[in-house]
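Shown next, in structure tokens, is the structure this report addresses.
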Amino acid sequence: MNRNGMKQQTQGSPMGNGLGAAESFAKRWGRRAITVPLYTASCLALLASLPALIVIAAVADIARRSNWAAVRFIALLAFYLCCEVAGIAMSFFLWLASVLTRAGHERFLDWNFALQQWWAGCLFRAGRVLFRIRVDIEGADDIGEGPFIVFIRHVSLGDTLLPSTILSKRQGLRLRFVLKSQLLWDPCLDIVGNRLPNCFVRRGAGDELAISAVRRLMDGLGTKDGVLIYPEGTRFTPEKRERILERLASGDGELFRKASTLKNVLPPRLGGTLALLERNVRAHALFCGHWGLEGVTNFRDFLRGSMVGAVLRVRFWRVAFEEIPRDRASQTAWLYEHWSRVDEWVGQQKQR
């Protein structure tokens, strides 16, 4: 039983990894045999060469008048790799402590949730401090008690840290994530993420195995739990929006009409999103729009200094469980209605 008195699926169940039985023990540990030494060696190499790299970056920043963007990026990269190595080490000690103390699985989950929150929080705070980012949050005080299905916009590498930083740390929510399987090449996300009830899916996967894995995340949600999904499935760019609209143009005319009205977000992918709503028996919906991370879609953007002194605005709103439709067609219309609200809010921020 979890802290809310409800039975919770754990890593021993198929929920633990959305790839399910499709990923063998050999494949998982074969990947870790590459990533763990690679990240450790990269961290040591970067730290050894850090003084020289800082000098080179400083010279480049002076020449480009880039407000020390390269220096800030080198410092952030070094901090990220140190967090990775520290996270890997702590994940090992958590496992060892659970064996030596014979800790129950719920306690082991608590330890790993805390480690996940620490890791994401450290990276987010480091980025804020190094790039002097101001964060404005609206609607967080009105979130209230869960459980929740969280629908969040995806535009940048940075917005993957927002949920753990805001919802977990400030609101106390234990989130279960629907994430891309490519993120498993980050060893901390791989090790700790597979211990927790998360779901890693292959990009564009719409098969029943992936949909079932996403659907099972809804089982056993307590009042301090939530399932988080990025409905767009990939980071927004105008080019991706055009390609998606081209595909939709040959299908459902009404769906294409709704999708074409969205200017600042991608049309939501319906497979995983509707699978969560189909399994929902008590969770409220929580929508999250954000603006300010559009300038960091890749590491080169950090070097350009586009995030120095930026303002990150985040907006939440809650929809009660009773207001969520029950049939698939109505759920699709309801989802587009609220996703259009995200689109409209983002558009307003662009004009500020």
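Miscellaneous remarks
- Here the condition is being farther than 27 Å from GLY222 by Cβ, in a helix (DSSP H, G or I), free of Cβ contacts under 8 Å to residues at least 60 places away in the same chain and open to solvent by 10 Å² or more (accessible area, probe 1.4 Å); of ALA126, ALA114, ALA97, it holds for ALA126 alone.
- Residue in the range 26-41 that is assigned to a helix (DSSP H, G or I), of a type in the set (D, E, K, R), open to solvent by 50 Å² or more (accessible area, probe 1.4 Å) and over 29 Å from LEU183 (Cβ atoms) present: no
- Taken as a whole, the condition of being modelled with pLDDT of 95 or more and open to solvent by 10 Å² or more (accessible area, probe 1.4 Å) applies to ILE191.
- Hey, VAL59 open to solvent by 60 Å² or more (accessible area, probe 1.4 Å) and hydrophobic (A, V, I, L, M, F, W, C) or not: yes
- Selection of the range 141-161 for residues being within 26 Å of LEU189 (Cα to Cα) and of a type outside the set (Val, Ile, Thr) yields GLY146, PRO147, PHE148, PHE151, ARG153, HIS154, SER156, LEU157, GLY158, ASP159, LEU161.
- SER66 satisfies every condition listed in (1) open to solvent by less than 40 Å² (accessible area, probe 1.4 Å); (2) out of contact with any Gly (no Cβ under 6 Å at 6 or more places or on another chain); (3) of a type outside the set (A, V, I, L, M) except (2).
- Subset of the range 233-245 (residues that are open to solvent by 40 Å² or more (accessible area, probe 1.4 Å) and touching a residue at least 40 places away in the same chain (Cβ under 8 Å)): ARG235
- Verdict on SER168 being crowded, with 18+ Cβ neighbours inside 10 Å and in a helix (DSSP H, G or I): yes
- Cross-chain or 6+ apart pairs with Cβ under 9 Å, the range 297-320 first and on the phi > 0 side of the Ramachandran plot, then in a strand (DSSP E or B): GLY309/ARG134
- Members of the range 221-269 found to be of a type in the set (D, E, K, R) and in contact with a strand residue (DSSP E or B) (Cβ under 8 Å, 6 or more places away or on another chain), listed by number: LYS224, ASP225
- Restricting VAL135, VAL150, VAL155 to those that are at pLDDT 90 or above, in contact with a strand residue (DSSP E or B) (Cβ under 7 Å, 6 or more places away or on another chain) and either farther than 23 Å from GLN349 by Cα or open to solvent by less than 10 Å² (accessible area, probe 1.4 Å) (or both) reduces the list to VAL150.
- Residue tally, condition under 26 Å from VAL227 (Cα atoms), out of contact with any Ser or Thr (no Cβ under 8 Å at 6 or more places or on another chain) and among the hydrophobic types (A, V, I, L, M, F, W, C), over the range 93-112: 3
The values are calculated or read from the model by the stated rules, or taken from the named source; none is laboratory data. Every value quoted in this text rests on a predicted model; they were computed, and no experiment measured them. Cβ coordinates were reconstructed from backbone atoms using ideal geometry, including for glycine residues, and neighbour counts include every protein chain displayed. Ligands, DNA and RNA are stripped out before the accessible areas are found, and what is left, the full protein with its side chains, is counted by its heavy atoms. Shrake-Rupley method; radii C 1.70, N 1.55, O 1.52, S 1.80 Å.
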